[in-house]
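J.: Let me begin by handing over the structure; questions about it come next.
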Amino acid sequence: MSNNRRVTLKGNQNIIVEFTNERIIPAGGLSVVGALLGKSDFVKKLNRMDVTKNRSQHQIKNGDILLTYLGMLCMGKPYFEAVHEMDDDKEFYKAALGITRNIPSEETLRQRMDDIGDSLRQTILEENIALLLANDIKPTALENGYVPVEIDVTPMDNSKSKKEGVSRTYKGFDGYAPMMAYIGTEGYAINFELREGKQHCQKGTVEFLQETIELCKKLTDQPLLIRLDSGNDSIDNVAVLMDSGCYFIIKRNLRRESKEDWFDMAKQFCKNIENPRDGKTVYKGSDWKTVTSKQFDKEFTLRAGYEITERTIDKNGQFYLIPDIEVETWWTNLGVDDQEIINLYHAHGECEQFHSEIKTDMDLERLPSGKFNTNALILELAIMAYNILRMIGQGTIGGRAPRQKRDVKRRRLHTVISNLIMMACHITSHARQLIMGLGKSNVWRHIFADFCELCSQ
């Protein structure tokens, strides 16, 4: 493309648009992505693996393929055609991401991702832990000392597509229904598993739990608090959690249990009764139930915490002809009081924000491939990309960051991508080094430089 074009804006003649030969990179923050990845042996291991039987590894290594795609994920651009954004200055992107040989073309990227498929799942999960450990990441515990682990199924809308595995989800649209696990109050990704939309949320969950707990214990020695919603109310899950020594809160599915029986029990035995307003009574307490896991042939006596609400008058003062009874119960092995059980479970809803960041901020709601195993690979790589963005976000809180309207405890991925990854910089070469120039108009330059120093330690 010619670099001598010059345009004067018709409505604002004080501004002129022109092409220059200067090297202005729109995603200077990828240099930090490469620095974080470089602290582990992830790339070296990939480059030593021969997982594509039908294609030569001579020109482009597996590591080059996956590093390129990780860079795209960190820019929030998961679609294969986005690799063309690296075409005009491949030298920088290779140096930034630590690519050994070359950046692939769109066609090569797509073909090789298809070839690799889901074959690297275990490697990626293990290397994700290695990445976190290499960067001294320790998931933060709750105030009570337990490290939260959020496990949840989140449907991804892929309607009007013919991708493998897309089918009707419980949300009523066609898509996928992956299961995701996060650890710590920061919400670091620990395990993602792509699933068909129609797959029941409990199918394969026992194995997913076992895998997730093993990964979590490699990352922290602190006690784990596993939180699951009612779709995963299974005694087989409880058996896994009890055997692994984890604490848990699982929202119970009442199924055929009578609300009236629970209400009668609460009226008879509950000692914690609240009346927040006229016509509303709330009972909070615990009962004990004996249950059996058929899969593991084990019997357990479990604490079932409950919150039962009786409404005889609605919030507008209208009387009900028949009292409205609402029953919520939870399985748990925690010894804390009933109110804390309730509060701890409600905090589980925070994982919906983590889902949103993956779907929206990283633009992964609609997965880019028509092949299921390729999309599974993409979601697995998203674990590492998500954690890299999270590490950058947490590492840049405070300091000389631009003023915020409120204190930030966890920086949203969108903010990281837009302000710290997609950071324009001026590139010059000197003594076989690339020098990134950050302009004085960039209010994030100081916090970015501080984080670069942190990465170099």
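J.: Once the cut-off is 22 Å, how many percent of the Cα-Cα pairs in the range 193-293 end up in the long-distance tail? Numbers along the way, then the final one.
T.: Values: 2400 of 5050 pairs.
So the portion of pairs separated by more than 22 Å is 48 percent.
J.: Related question: Testing the spin-label approximation: label points 7 Å from Cα along Cα→Cβ at D88 and D337. State their distance in nm.
T.: 6.3
J.: On average, how much area does the Cα convex hull of the chain cover when viewed from any direction, in nm²? Write down the numbers at each step before the final one.
T.: Values: hull surface 116.7 nm².
Quarter of the Cα hull surface area: 29.2 nm².
J.: Then there's this: Using per-residue counts of other Cβ atoms within 10 Å, averaged over each peptide, order 374-385, 343-354, 224-235 from highest down.
T.: 374-385, 224-235, 343-354
J.: Moving on. How would you order 156-165, 432-441 from highest to lowest mean count of nearby Cβ atoms within 10 Å?
T.: On the way: 156-165: 15.9, 432-441: 11.5.
Packing proxy ranking, top to bottom: 156-165, 432-441.
J.: Note down, for the range 233-360, the three equivalent ellipsoid semi-axes (square root of 5 times each alpha carbon gyration tensor eigenvalue), biggest first, whole angstrom.
T.: Details: eigenvalues 167, 84, 37 Å².
That gives 29, 21, 14 Å for the three semi-axes.
J.: Per-residue counts of other Cβ atoms within 10 Å, averaged by peptide: what ranking do you get for 446-457, 14-25, 198-209, highest first?
T.: Working: 446-457: 14.6, 14-25: 11.2, 198-209: 17.1.
The most tightly packed comes first, giving 198-209, 446-457, 14-25.
J.: Please give every one of the aspartates and glutamates within straight-line cross-link reach of K440, meaning a C-alpha to C-alpha distance under 20 Å, and leave out same-chain neighbours fewer than 8 residues apart.
T.: Within the straight-line limit of under 20 Å, K440 reaches these aspartates and glutamates: E22, D450, E453.
J.: How large is the helix-only mean residue ellipticity at 222 nm for the chain, computed as the sum of -39500 (n - 2.57) over DSSP H runs with n ≥ 4, divided by its residue count, in deg cm²/dmol to the nearest 500?
T.: Working: 14 runs with 151 residues, N = 457.
When only DSSP H runs of four or more count, the value is -10000 deg cm²/dmol.
J.: Quick one: check the C-alpha center-to-center distance for the range 256-272 versus the range 1-50, whole angstrom.
T.: 63
J.: Putting +1 on Lys and Arg Cβ atoms and -1 on Asp and Glu Cβ atoms, find which of S244, V149, C201 reaches farthest to the positive end of the dipole of the range 124-361.
T.: Highest projection toward the positive end goes to C201.
J.: A follow-up question, please. Compute the semi-axes of the equivalent ellipsoid of the range 124-361, taking the square root of 5 times each eigenvalue of the Cα gyration tensor, and list them largest first in whole Å.
T.: Over the Cα atoms of the range 124-361, the ellipsoid semi-axes are 33, 23, 18 Å.
J.: Around K298, under 12 Å between beta carbons, what's the net of Lys plus Arg minus Asp minus Glu among the other residues?
T.: Local net charge: -3.
J.: Of K61/K94; K160/K359; K171/K294; K39/K217; K162/K371, which sit over 19 Å apart, Cα to Cα? Before the final figure, lay out the partial values.
T.: On the way: K61/K94 13 Å; K160/K359 17 Å; K171/K294 30 Å; K39/K217 21 Å; K162/K371 10 Å.
Where the Cα-Cα span goes over 19 Å, the pairs concerned are K171/K294; K39/K217.
J.: Placing unit charges on C-beta atoms (Lys and Arg positive, Asp and Glu negative, everything else neutral), compute the dipole magnitude of the range 65-128 about its Cα centre in debye, rounded to 20. All intermediate terms of the calculation are to be shown ahead of the outcome.
T.: Details: 7 positive and 13 negative charges, 33 e Å.
Here the size comes out at about 160 debye.
Each value in this text was obtained by applying a stated rule to the coordinates, not by laboratory testing. Just so it is clear, the model here is predicted, and its values are computed rather than measured. Using ideal geometry, Cβ is built from the backbone for each residue, glycine included, and neighbour counts are taken over all protein chains shown.
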